[in-house]
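Notes follow the structure.
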Amino acid sequence: MNALSALSVQNTTKRFGGLVAVNQMSFELRTHEVLGLIGPNGSGKTTMLNVISGALKANSGFVSLFGKVISDQPANLIARSGIARTFQLVRTLNSMNALENVEAGGVFGHRRLWKNSLRSQAIEMLDKVGMAGSMNNPISSLTYIDQKRIELARALMSNPRLLLLDEWLAGLNPSELQIGIDVINNLKSEGHTIIIVEHVMDAIRSLCDRCVVMNTGKKIAEGKPEEVLEDEGVIQAYLGSEHA
Amino acid sequence: MTKKEVRNFLIAMALFVLAALLPIADSGYWLSIGVTIATYMVLSTSWALFSGPTHYISLATGAFYGIGMFIVGGGIDLLPYWMLVVIAGCAGAILAALIGLATLRLSGVYFVIFTLGLAEFVRQIVTWIQTTMGSSSGLYVLTDLNDTIIYWELLVLGALVYLIGWWINRSRLGFALRIIGNDEVVAVHCGINTAYSKVILFIFSGTVATIVGALLAPRLSYIESNIAFSPMLSFIVVITALLGGAQKLWGPIVGVIPFMLVWDFLTATFPNQTTLMLGICFLLVVYLIPNGFAGLIEKYLPLRHQER
Ligand SMILES: Nc1ncnc2c1ncn2[C@@H]1O[C@H](COP(=O)(O)OP(=O)(O)OP(=O)(O)O)[C@@H](O)[C@H]1O
Ligand SMILES: [Mg+2]
């Protein structure tokens, strides 16, 4: 396994007051790999993504992207060096239409387009997530899943080197879920490097090359999806949280 | 799209020429109110360029304006007038940059309070400098610039503000500000340096306000800190911009003209209740037309289908 390490998280800790939301986390991600970051509610997955994307500064440890340390940089520079993300609670730009929402991702980040090339790229991304028909619609007229697709298209606009998806499949009904999985599968076959935070086990099994399991801020298991999901400690963690 | 732009540009030019003819038609009451309207047109439009997209309400307009006046007042015996206007612009830009860097990381409420305090703080400093330097409480600015010249100067400045505003709205900077106004977290994750974008716009509006103060100094002849740093000015700028609609470049002027005509009547009729009047106007605007006239026009005029 000598493939180039795309992302490296080392001994990262993030505290909120007395609460240690991320505790000495370390893991690696290779290029073209799809990594599932899973764990029970409140185990620190979103916080981990926030640290990677620069939304939050870690208290200790560091994160590097293709060998370059990024954890000392502000979020806008991290975006520029090639990390794009979606948010667990969808974040759209409500005064703009769907097309402009997508364009927003392609002007200031890792890829910097403008005018015609921006427009045509945005239309292509809308097409990729299956939203080409709604490009002139105001965001408020879109359904929740469509807003999530817009958010994904916005993230893809920067042609990211690493994509972070925070529960992008949550809240979808079974048929929408299948569409969503297909969309991510396409990204995977295009060679994108992705971290997926997800609770939907079917999606994890079918999409992830590898999983990192978190519980109360710590990494408790790492490996192939089918292996970690059988792991005694992991089952305990999920059951424990359900009985809590 | 370009056809529409050409048409809009021609309409704007025609309105500009028409407005420039005002001093020929009347040099008394209407010219005087014309100067007032032109003043607030420039102030509100440049204010809205910053506050419209970012939703940061700045009450510092009066501080910049007052500084512009006092730079002219203090230097008129030493330097040519035009040079003082340039110096005022530079001073406004530097001050705005400092304030911007210090405060724009704050959230909205703190920013409002800070800018409100700033005007008072600057006024106190200017008053203190004057008293310790032993001069009287005011400064004389005696030039041969009459209302007509001042009015034209303001019109030209206004035209510049519109051109720059139009350019900003079409630029990446304008797009960045719209994204920031929608969701600052998204903006940052799209790669936008939010502090930089906001400071640039704040510098622009601060510079313009300072220049306006410098242009109006000759009109007052005698400059006193109570008049130059009137907090009323900052509030009127906010009200007129909101009344017209801060989201559109042409919004503020649609608010300024009717407001100043009504305001002139009100202050003449109830000279002792101006603050009360201002408060009532503010409440009416915020409750009845939250999106301003521009919002009403967009809503009720059947929309001609635009591309975009
Ligand atoms: N901004 C914050 N301030 C204080 N505490 C926080 C903050 N963000 C998260 N936490 C706490 O940190 C812990 C981890 O939260 P996080 O959102 O990372 O969990 P998660 O694994 O994403 O959970 P979920 O599956 O429910 O999304 C939780 O106890 C949460 O309450
Ligand atoms: Mg989460």
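Nothing in this text is a laboratory measurement; each read-out follows from the coordinates by a stated rule. Remember, predicted model here, so these are calculated numbers, not experimental data. Neighbour counts run over all protein chains shown; Cβ positions are idealised from the backbone, glycine included.
Here are some notes:
- What the pair-distance distribution of region A:120-168 shows, using all Cα-Cα distances binned every 10 Å from zero, is 26, 57, 17, 0 percent.
- This ranking places A:LEU164, A:LEU118 by how few other beta-carbon atoms lie within 10 Å of each, fewest first, which gives A:LEU118, A:LEU164.
- Here the spin labels are modelled as points 7 Å beyond Cα on the Cα-Cβ line, and at B:LEU18 and B:ILE227 they lie 3.3 nm apart.
- Over 27 Å between alpha carbons, listed pairs A:LYS115/B:LYS3; B:LYS4/B:LYS198; A:LYS115/B:LYS248: B:LYS4/B:LYS198
- Within the straight-line cut-off of under 29 Å between alpha carbons, the lysines reachable from A:LYS218 are A:LYS14, A:LYS45, A:LYS57, A:LYS68, A:LYS148, A:LYS188, sequence neighbours fewer than 8 places apart in one chain being disregarded.
- Considering all different alpha carbon pairs of chain B, the Kirkwood hydrodynamic radius works out to 20.1 Å.
- B:ILE164/A:LEU4 FRET efficiency (R0 35 Å; Cβ-Cβ; nearest 0.05): 0.15
- Distance between modelled label sites at B:LEU101 and A:PHE62, nm, 7 Å Cα→Cβ extension: 2.7 nm
- Alpha-carbon centroids, region B:256-293 and region A:80-108: separation in whole Å: 39 Å
- Here B:TYR287, B:TYR110, B:TYR196, B:TYR65 are placed in order of increasing Cβ neighbour count within 10 Å, fewest first, which gives B:TYR287, B:TYR110, B:TYR196, B:TYR65.
- Fully extended contour minus Cα-Cα distance, from B:ILE11 to B:THR267, at 0.36 nm per residue: 88.9 nm
- Intensity falloff of chain A expressed as log10 I(q)/I(0), Debye formula with alpha-carbon point scatterers, at q = 0.09, 0.18 Å⁻¹: -0.37, -1.44
- Exposure proxy order (Cβ contacts within 10 Å, fewest to most) of B:ILE87, B:ILE24, B:ILE223: B:ILE24, B:ILE87, B:ILE223
- With distances taken between every two different alpha-carbon atoms, the protein assembly as shown has a Kirkwood hydrodynamic radius of 26.4 Å.
- For the protein assembly as shown, the 222 nm mean residue ellipticity estimated from helices alone, with every DSSP H stretch of n ≥ 4 adding -39500 (n - 2.57) and the total spread over all residues, rounds to -19000 deg cm²/dmol.
- Peptide B:169-178 shows a mean partner chain C-beta count of 2 within 10 Å per residue C-beta.
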